[in-house]
Amino acid sequence: MAAASGHVEAAVEAVFREEWGRIVASLIATTGDWDLAEECAQDAFARALQVWVRDGVPSRPGAWLTTVARNRAVDVLRRRANETVKLQQALLLSPGDGPAEEHAEEPAQEPPATEAGDGIADDRLRLIFTCCHPALPLEARVALTLRTLAGLTTAEIARAFLVSEPAMAQRLVRAKRKIHKARIPYRIPPASLLPERLTGVLAVLYLLFNEGYTASRGPDLVRPELSAEAIRLTRLLAALMPGEPETMGLLTLMLLQDSRRAVRTDDSGMPVPLAEQDRDQWNRAAIEEALRILASIPGGEQPGPYRVQAQIIACHARAARPEDTDWAAIARLYAELAVLAPSPVVELNRAVAVGMADGPAAGLAIADDLAVSGQLAGYHLLPAVRADLLRRLDRLAEAAQAYRAAIDQAGTEPERHYLQRRLAELTSP
């Protein structure tokens with residue numbers, strides 16, 4: 001029986017979110033061709049929209065898509081091989097040559113195998129390490145992995161980096177070209193080379209988790225399959241590099257953040273602020289595991305940025321009630337983080353913490369400096385933070401103006417609806 005078009009579109013969208021990275025990583029492992037892998041994966045999803053309406057959604061949609069994509073890749077590679085043979089024939093034929101039958105087509109070659117003798121049976125982790133080769137600039141490493149592994153659009157990645165979409169498109173093209181020209185192998189490197197890739201790999205996993213934790217675009221605020229994949233891959237990395245402090249710090253950070261997933265949105269998908277969440281519904285098992293990992297991280301050295309962020313989130317996790325939160329400690333930790341990993345987003349988070357610890361006027365001074373600098377132009381959380389601080393200072397007209405700016409810049413429908421509700425509360429008689 002034919003499936004309804006809307007049902008099929010929803011199924012394709014769901015499997016895209018869950019399976020894109022695995023399918024593309026598998027195709028890259030098979031073909032060694034990044035562009036071909038993405039193209040064939042996209043063709044498979046387009047094919048699903050047609051076939052599944054007629055035949056119904058298969059019981060294992062991921063396996064169906066992988067097979068269709070792989071068959072398409074094999075066909076393309078065979079056609080290329082045949083075209084190469086024909087070109088060779090044309091070049092060899094000249095007056096006095098024998099008949100063309102003497103140069104009959106050779107059997108097409110199977111797709112080339114790529115180097116993966118690393119003992120880790122996970123194409124996605126190999127993909128991350130390939131993308132994070134030190135020959136590539138750090139931002140290119142992260143962007144390329146988000147594109148190929150998470151299936152994020154160029155626009156979504158550009159938003160994460162606060163750059164224009166054309167600029168990000170060029171970075172992605174250059175990164176793929178570099179991998180091809182430098183013959184960077186598709187594998188997890190030897191143990192001696194792991195540390196030089198670690199910074200890029202951790203950055204990729206962190207941004208992958210963040211895109212799942214708070215989506216940059218689309219109808220949903222959260223994409224739990226991306227967060228779950230980031231946690232899974234970080235666990236694999238922790239097993240690959242046991243005792244590495246920043247890997248343990250990142251895993252702790254992810255587990256603590258993800259422990260609140262069930263209550264971060266209400267039944268309608270609207271975001272629920274941290275102070276309004278039902279803390280009894282937080283995942284206590286995840287919190288306890290994370291705090292054990294955090295306590296086990298070796299001391300005696302300057303904590304890295306992921307460990308400091310984990311310490312910040314741990315302050316929230318340990319507070320039984322919102323009013324028990326140690327905001328002074330959080331503000332100090334954000335000041336430390338601003339030294340370790342300076343960025344306007346860290347400074348905005350520090351503004352929130354200072355606003356809670358020292359009063360809204362102190363937090364607003366930091367947020368206003370950021371607004372003047374222009375570093376977060378178009379980033380909706382800056383006017384949203386300013387709006388909340390202005391509201392607490394009873395500067396309601398300015399707060400309303402800031403809320404409107406945040407609504408215009410918000411990337412997801414739930415965030416827009418939440419900000420519209422806060423604006424309505426502010427302006428209602």
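The values are calculated or read from the model by the stated rules, or taken from the named source; none is laboratory data. In this text the structure is predicted, and so the values were computed from the model without any measurement. Quick reminder, even Gly has a Cβ in these numbers, built from the backbone with ideal geometry, and neighbours come from all protein chains shown. Just so you know, the surface numbers come from the protein's heavy atoms only, side chains and all, with ligands and any DNA or RNA stripped out. Shrake-Rupley method; radii C 1.70, N 1.55, O 1.52, S 1.80 Å.
The table that follows gives values for the structure above.
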item: Some residue of region 67-76 being within 26 Å of ARG223 (Cβ to Cβ) and open to solvent by less than 60 Å² (accessible area, probe 1.4 Å); result: yes
item: Residue selected from region 297-330 under the condition open to solvent by 50 Å² or more (accessible area, probe 1.4 Å) and of a type in the set (Gly, Ala, Ser), by the criterion nearest to LEU251 (Cα to Cα); result: GLY299
item: Flag for ALA399 being within 32 Å of the chain's Cα centre (by Cα) and either open to solvent by less than 70 Å² (accessible area, probe 1.4 Å) or under 18 Å from SER343 (Cβ atoms) (or both); result: yes
item: Criterion (buried (at least 21 other Cβ atoms within 10 Å of the Cβ) and either free of Cβ contacts under 8 Å to residues at least 60 places away in the same chain or more than 29 Å from GLU13 (Cα to Cα) (or both)) met by exactly one of SER164, SER227; result: SER227
item: Answer from GLY56, GLY21, GLY62 - the residue that is in contact (Cβ under 8 Å) with a residue 12 or more places away in the chain and at positive phi; result: GLY56
item: Tally, over region 145-161, of residues that are within 20 Å of VAL12 (Cβ to Cβ), buried (at least 17 other Cβ atoms within 10 Å of the Cβ) and not basic (Lys, Arg); result: 6
item: Residue among LEU381, LEU333 that is open to solvent by 60 Å² or more (accessible area, probe 1.4 Å), touching a residue at least 24 places away in the same chain (Cβ under 8 Å) and not polar (S, T, N, Q); result: LEU381
item: Among (1) outside any helix (DSSP H, G or I); (2) at pLDDT 50 or above - the single one LEU127 does not satisfy; result: (1)
item: Candidate set: region 269-302, residues that are over 24 Å from the mean Cα position of the chain (by Cα) and assigned to a loop (DSSP other than H, G, I, E, B); chosen: the one nearest to ARG416 (Cα to Cα); result: GLN277
item: Qualifying residue in region 358-368 (condition: part of a loop (DSSP other than H, G, I, E, B), small (Gly, Ala, Ser) and within 28 Å of TYR306 (Cβ to Cβ)); result: no
item: Lone qualifier among LEU389, LEU382, LEU348, LEU333 - being among the hydrophobic types (A, V, I, L, M, F, W, C), within 25 Å of LEU291 (Cα to Cα) and at pLDDT 95 or above; result: LEU333
item: Those residues of region 19-60 which are closer than 24 Å to ARG78 by Cβ, out of contact with any helix residue (DSSP H, G or I) (no Cβ under 6 Å at 6 or more places or on another chain) and hydroxyl-bearing (Ser, Thr, Tyr), in sequence order; result: THR30
item: Search result, residues across region 31-63 that are part of a helix (DSSP H, G or I) and open to solvent by 40 Å² or more (accessible area, probe 1.4 Å); result: ASP35, GLU39, GLN42, ASP43, ALA46, ARG47, LEU49, GLN50, VAL53, ARG54, ASP55
item: Qualifying positions in region 337-357 - in a helix (DSSP H, G or I), closer than 24 Å to ASP326 by Cβ and not small (Gly, Ala, Ser); result: LEU337, VAL339, LEU340, VAL345, VAL346, GLU347, LEU348, ASN349, ARG350, VAL352, VAL354, MET356
item: Evaluation of PRO344 against (1) under 23 Å from the mean Cα position of the chain (by Cα); (2) open to solvent by 60 Å² or more (accessible area, probe 1.4 Å); (3) under 30 Å from ARG307 (Cβ atoms) (one fails), failing number; result: (2)
item: Flag for ARG261 being at pLDDT 85 or above, within 24 Å of PHE16 (Cα to Cα) and in contact with a Pro (Cβ under 7 Å, 6 or more places away or on another chain); result: yes
item: Residues (on the phi > 0 side of the Ramachandran plot and within 18 Å of the chain's Cα centre (by Cα)) located in region 132-186; result: GLY151, LEU162
